[in-house]
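Take a look at the structure below.
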Amino acid sequence: MAEGLRERKKRETRQRISDIATGLFLEHGFVTVTIADVAEAADVSVNTVYNYFPAKEDLFFDRSRGVVDRLSRWVRGRDAGESAARAVLRELRAEIEAVSPCMGLIEGYDRFMRCIEEAPPLRSRLWSMQQELQDNLEATLREETGATAGDPLPGLIAGQICWVHGTLFVAVGREMVKGRNPDEVSREMLVVLDDIEELLGEKVLNYAVRGAA
């Protein structure tokens, strides 16, 4: 369905507020910048900002709205004969090869990470997002495998897959905060991902294999 004029204007306003806020946070620090500062810079009211973003942390992590569902999406979209873990490994490898900003492979990512490190509310929100990511994946694995509520395996497998995802992000972040070139880091992270895959056991790698249609 085509996007209406009203919806387009709302989307554009939301994005403009988010972009302006991000610039202010990176320049002055998350804790220092207030919602009033964002509203003034975006030439909107404080209430307008809150209408789009209930909390200041939502402004900072606006581009990460799809992160908490990404592993579940990848698992649900896995190919026939492919397990949950191998689907995630494939998708992560594709993003690293593409030097994707979604993996932090972008100039200026060091400023983004430093802003998080200096702001306890952002570190707390990041932890919450990571937990939600794992909870969503566990729920997806239970649904995909038909596991009972008392079966601990979906939760254990979700933890292992999230460890892969989180470890790779930490490795990328560690190199990018040094101000390194994203293409160079990408090549190194492909090797890291291979090393991570070798550490996974067969039970993890062969869990939730999708049958042929």
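The values are calculated or read from the model by the stated rules, or taken from the named source; none is laboratory data. Since this is a predicted model, take the numbers as computed values, not measurements. Virtual Cβ from ideal backbone geometry, glycine too; neighbours counted across all protein chains shown. Calculation scope for accessible area: heavy atoms of the full protein, side chains included, ligands and nucleic acids excluded. Shrake-Rupley method; radii C 1.70, N 1.55, O 1.52, S 1.80 Å.
Say we look at the stretch 170-179 and pick out the residues that are crowded, with 16+ Cβ neighbours inside 10 Å and hydrophobic (A, V, I, L, M, F, W, C); which of these is nearest to Met113 (Cα to Cα)?
Filtering the stretch 170-179 for residues that are crowded, with 16+ Cβ neighbours inside 10 Å and hydrophobic (A, V, I, L, M, F, W, C), the one nearest to Met113 (Cα to Cα) comes out as Val177.
Taking the stretch 37-51, which residues are open to solvent by less than 50 Å² (accessible area, probe 1.4 Å) and either touching an Asp or Glu at 6+ places or on another chain (Cβ under 8 Å) or among the hydrophobic types (A, V, I, L, M, F, W, C) (or both)?
Within the stretch 37-51, Val38, Ala39, Ala42, Val44, Val49 qualify.
Checking Ala21 against (1) small (Gly, Ala, Ser); (2) crowded, with 18+ Cβ neighbours inside 10 Å; (3) more than 23 Å from the chain's Cα centre (by Cα), which test does it fail?
Only one criterion in (1) small (Gly, Ala, Ser); (2) crowded, with 18+ Cβ neighbours inside 10 Å; (3) more than 23 Å from the chain's Cα centre (by Cα) is unmet by Ala21, namely (3).
Would you check if Ala85 is more than 24 Å from Val177 (Cβ to Cβ) and open to solvent by less than 50 Å² (accessible area, probe 1.4 Å)?
Answer is yes for this residue.
In the stretch 105-139, which residues are charged (D, E, K, R), within 17 Å of Gly23 (Cα to Cα) and open to solvent by 70 Å² or more (accessible area, probe 1.4 Å)?
If the condition is that a residue be charged (D, E, K, R), within 17 Å of Gly23 (Cα to Cα) and open to solvent by 70 Å² or more (accessible area, probe 1.4 Å), then Glu107, Arg111, Arg114, Glu117, Glu118 are the ones that fit.
So, in the stretch 1-18, exactly how many residues are at pLDDT below 85 and open to solvent by less than 80 Å² (accessible area, probe 1.4 Å)?
Residues that pass the stated criteria total 1.
When both residues are 6+ apart or on different chains and their Cβ atoms are under 9 Å apart, which pairs have a first residue that lies in the stretch 25-39 and is over 16 Å from Phe112 (Cβ atoms), and a second that is open to solvent by less than 50 Å² (accessible area, probe 1.4 Å) and in a loop (DSSP other than H, G, I, E, B)?
From residues that are over 16 Å from Phe112 (Cβ atoms), the pairs are Ile35/Phe53; Val38/Val44; Val38/Phe53.
Please find, within the stretch 152-166, the residue that is farthest from Ile96 (Cα to Cα) out of those that are over 19 Å from the mean Cα position of the chain (by Cα) and open to solvent by 50 Å² or more (accessible area, probe 1.4 Å).
The extreme case among them is Pro152.
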